[in-house]
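Chemist: A single structure is presented below for examination.
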Amino acid sequence: MPRYLSQVYHNLSTLLDAGVPLLRTLETAGSGLGKMDGVLEKMQSSVRQGKDLVEAMAEHPKVFDGFDVAMVRVGETAGSLPESFKRLGEWYDFKKRMRGIIISGSIYPLLLLHLGALIAPIPRLVLGGIGMWGYFQAVAGILALVYVPLTALFLFLKFRPRRGWAGLAFDKFVLGIPVLGGAAKQLGISRFTLAFCIMCRAGVPYLQGIEMAMENTPNAAVAQMFAGAAEQGRRGQGMFTGLSKRLPEYYRNLWEVGEESGELDEVTARLARMTAESAETRFTELAKWLPRIMYFFIMGIMVYLILKTASSLLVYRLE
């Protein structure tokens, strides 16, 4: 269902902006979008029972995450729901593109890996070093070298602590990984900026907007880069003076311009687009490197298996 979120949010934004009542909007927005239609029907029922839209969304945590609920809460409070849904739709469009870039970059090297796993044990099978069961075990062993670490990484990312020292330490580690770290950093900055922009346009005070945006930034290390801005704002100083030097210089400069001109909402909207484009460029670069990394890994496995087979043949002849 999450794959339909971008379309649902765009539909909600368009219908509400056209003046369609909320209940009618919920009835229409999910039409033809599989199970999302059923989710919106349940939300419509909840709203009819007197619940607000945020409460209706919170009843479906597997569909709408905390970021979505927080953005809609701001829009509902300020009367700017179409704007909130529009920005969320753009965010999920962006996420979909990122996912597509990573998947497309992984397909070919994974095909090569499986082909190499099937071919590599054949010499030992032909020479009688292993039987068919041994052949399948060898294939599974080669594939396990990739899938076991990937599965462990997936489980860790899914269940890792989001905050606290452990979450912060891991997020800092991620930012230090070549290529991936730069992409993750830009992605985190983009998400913070998008959240802050929505809150600015909804009339949320800047300090509260920064704190709420930090809470909805997935990378805790990136969120920390904005903690100084809130602190300076509480002291009555310019928030831009507290922005971390780890943020891009253009970002800090434009924020200063927006703050001094009183157009911080417009400036952060532009910054959200710029950082999203930068993240997309970096993820595209990462997708280019994935096949190369896989090629080197496969070559390493092949060389190891060739040497192992040659060693076995040498022992066999000596005997």
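The values are calculated or read from the model by the stated rules, or taken from the named source; none is laboratory data. Because the structure is a prediction, the values reported are computed rather than measured. Heads up, the Cβs are rebuilt from the backbone with ideal geometry, glycines too, and the neighbour counts pull from every protein chain shown.
Chemist: Could you tell me how many of the residues in the range 38-79 are of a type in the set (S, T, N, Q) and crowded, with 18+ Cβ neighbours inside 10 Å?
Modeler: Looking only at that region, the number is 2.
Chemist: Ok, one more. Being over 20 Å from Leu194 (Cα atoms), assigned to a helix (DSSP H, G or I) and not aliphatic (A, V, I, L, M) narrows it down to one of Lys51, Lys62, Lys42, so name that one.
Modeler: Lys42
Chemist: Name the pairs: first residue in the range 214-225 and on the phi > 0 side of the Ramachandran plot and without any contact (Cβ under 8 Å) to a residue 24 or more places away in the chain, second residue small (Gly, Ala, Ser) and surrounded by fewer than 23 Cβ atoms within 10 Å (Cβ to Cβ), Cβ to Cβ under 9 Å, at least 6 apart or on different chains?
Modeler: From residues that are on the phi > 0 side of the Ramachandran plot and without any contact (Cβ under 8 Å) to a residue 24 or more places away in the chain, there are no pairs.
Chemist: Give me the helices (runs of 4 or more DSSP H) completely within the range 170-254, filtered to those with at least 3 residues that are within 26 Å of Phe156 (Cα to Cα) and at pLDDT below 90, ordered by residue number.
Modeler: Those helices (runs of 4 or more DSSP H) span 180-201, 206-215.
Chemist: Within the group Ala152, Ala140, which residue is at pLDDT 75 or above and either within 24 Å of Val174 (Cα to Cα) or outside the structural domain of Lys172 (by TED's automatic domain parsing) (or both)?
Modeler: Every option except Ala152 fails the conditions.
Chemist: Now a separate question. I need the full set of residues from the range 123-137 which are in a helix (DSSP H, G or I), surrounded by 12 or more Cβ atoms within 10 Å (Cβ to Cβ) and free of Cβ contacts under 8 Å to residues at least 24 places away in the same chain, in order please.
Modeler: Result: Leu125, Gly134, Tyr135, Phe136, Gln137.
Chemist: A further question on this structure: Looking only at the range 16-36, filter to residues that are surrounded by fewer than 18 Cβ atoms within 10 Å (Cβ to Cβ) and closer than 19 Å to Lys62 by Cβ; which one of those is modelled with the lowest pLDDT?
Modeler: Gly34
Each row is one residue, and each column tells you yes or no for (1) modelled with pLDDT under 90; (2) not β-branched (Val, Ile, Thr).
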| position | (1), (2) |
| --- | --- |
| Asn11 | no, yes |
| Thr14 | no, no |
| Leu40 | yes, yes |
| Gly50 | yes, yes |
| Glu90 | yes, yes |
| Ile102 | yes, no |
| Ile107 | yes, no |
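Chemist: Let me ask something additional. Could you please find all residues in the range 168-190 being within 16 Å of Ser244 (Cβ to Cβ) and touching a helix residue (DSSP H, G or I) at 6+ places or on another chain (Cβ under 9 Å)?
Modeler: Matches in the range 168-190: Leu168, Asp171, Lys172, Leu175, Gly181, Gly182, Ala184, Lys185, Gln186, Gly188, Ile189, Ser190.
Chemist: OK, next. Can you find a residue that is farther than 30 Å from Met57 by Cβ, exposed (fewer than 11 other Cβ atoms within 10 Å of the Cβ) and either in the same structural domain as Leu271 (by TED's automatic domain parsing) or touching a residue at least 12 places away in the same chain (Cβ under 8 Å) (or both) anywhere in the range 85-106?
Modeler: Checked the range 85-106: no residue is farther than 30 Å from Met57 by Cβ, exposed (fewer than 11 other Cβ atoms within 10 Å of the Cβ) and either in the same structural domain as Leu271 (by TED's automatic domain parsing) or touching a residue at least 12 places away in the same chain (Cβ under 8 Å) (or both).
Chemist: Let me ask you something else. When you go through Leu33, Leu12, Leu5 one by one, which is the residue that is assigned to a loop (DSSP other than H, G, I, E, B) and under 23 Å from the mean Cα position of the chain (by Cα)?
Modeler: Residue meeting the stated conditions: Leu33.
Chemist: Let me ask something additional. Hey, can you tell me all the residues within the range 255-273 that are among the aliphatic types (A, V, I, L, M) and closer than 19 Å to Met214 by Cα?
Modeler: Listed by number, the residues that qualify are Leu264, Val267, Ala269, Leu271, Ala272.
Chemist: So Met98 passes all but one of these: (1) out of contact with any Gly (no Cβ under 8 Å at 6 or more places or on another chain); (2) aliphatic (A, V, I, L, M); (3) farther than 20 Å from Arg191 by Cα. Which condition number does it fail?
Modeler: (3)
Chemist: Every residue in the range 113-122 that is crowded, with 16+ Cβ neighbours inside 10 Å and assigned to a helix (DSSP H, G or I), please.
Modeler: Leu113, Gly116, Ala117
Chemist: Between residues in the range 273-301 that are assigned by TED's automatic domain parsing to the domain that holds Ile198 and under 20 Å from Arg191 (Cβ atoms) and residues that are at pLDDT 85 or above and of a type in the set (Val, Ile, Thr), which pairs lie under 7 Å by C-beta distance while being six or more apart or on different chains?
Modeler: Thr275/Ile189; Thr275/Thr193
Chemist: Of the residues in the range 174-217, how many are buried (at least 18 other Cβ atoms within 10 Å of the Cβ), more than 15 Å from the chain's Cα centre (by Cα) and among the aromatic types (Phe, Trp, Tyr)?
Modeler: 1
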